[in-house]
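Only one structure is covered here, and it is reproduced in the block below.
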Amino acid sequence: MGIRENLQSIRQRMAVAAERAGRDPAEVLLVGASKMNDAAACRAAIAAGIDALGENRVQELLEKAEQGAYEGAPLHFIGHLQRNKVRQIIGRVDLIHSVSSIPLLEEIDRQAEKHGLVQPILLEVNIGGEESKSGFAPQEVEEAALRARELSHVAVKGLMTIPPVEREPHGNLPYFEQVYRLYIDIGEKVFHNKLEYLSMGMSDDFEDAIAAGATIVRVGTAIFGARNYNK
Ligand SMILES: *Cc1c(COP(=O)(O)O)cnc(C)c1O
């Protein structure tokens, strides 16, 4: 199947999941996780109506941007971000999902100030407590949110999570529910209920993420097909 057909079928599944949860399908954004897919595939997804594209690696993003991969849609950064690469993406990305430490937060603020802009960001939550993953522990999120609130060149729009790899069907639902509660809690305590983005759910579990309250799902394989790691 092509990208357009895949996108249509995902939109349909998203709508069913939203309606089943008593939610408006229009309040959930579909971000195409386009890593390892070329500029033509990105443009095809944009032509088919994707809400935004999300990249994981700074180098790949810069190369594909050069080729016009992202024209016509917002661009998000969703991968692990090193502090020394921040300056390469500020001014180019509409939302950074993966702010995983206070030093990274401060560096984004510094670089955004140089560009004279306010960078929209999400705080990443390491909900499974996995050493292999970045992100704030649930009990650290409030402190990070308070620090972010003091910085005038970052704007926290919500939370993002990547739960542990789950082999059981619906195995991630409890993680999604925990992050949703944290999102509501932090929103109330720190942001006057003004958060708008809860980024969670990928190809295998976006319906459960929507059931738990996600407002952004990040889908790669189900749109673009399996990634070829040998290329
Ligand atoms: C690759 C990736 C996705 C999408 O994963 P799929 O399983 O291919 O849908 C989502 N979020 C992040 C951060 C990713 O790196």
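The figures follow:
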item: Positions within the range 142-188 being open to solvent by less than 60 Å² (accessible area, probe 1.4 Å), in contact with a helix residue (DSSP H, G or I) (Cβ under 7 Å, 6 or more places away or on another chain) and over 16 Å from L104 (Cβ atoms), in sequence order; result: G158, T161, P163, N172, L173, F176, L182, I186
item: Selected residue (criterion: farthest from the ligand (Cβ to nearest atom)) from residues of the range 195-221 that are of a type in the set (A, V, I, L, M) and open to solvent by 30 Å² or more (accessible area, probe 1.4 Å); result: A211
item: Residue that is nearest to the ligand (Cβ to nearest atom), among those in the range 90-108 that are of a type outside the set (A, V, I, L, M, F, W, C) and either under 16 Å from S152 (Cβ atoms) or more than 12 Å from the chain's Cα centre (by Cα) (or both); result: S100
item: The range 222-231: number of residues that are within 9 Å of the ligand (Cβ to nearest atom) and surrounded by fewer than 21 Cβ atoms within 10 Å (Cβ to Cβ); result: 3
item: The lone exception for E166 - which of (1) within 16 Å of the ligand (Cβ to nearest atom); (2) assigned to a strand (DSSP E or B) it fails; result: (2)
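The values are calculated or read from the model by the stated rules, or taken from the named source; none is laboratory data. Note that this is a predicted model, so its numbers are computed, not measured. All Cβ positions, even for glycine, are placed from backbone atoms using ideal geometry, and neighbour counts span all protein chains on display. Side chains are part of the model used for accessible areas, which takes the heavy atoms of the whole protein and leaves out ligands, DNA and RNA. Shrake-Rupley method; radii C 1.70, N 1.55, O 1.52, S 1.80 Å.
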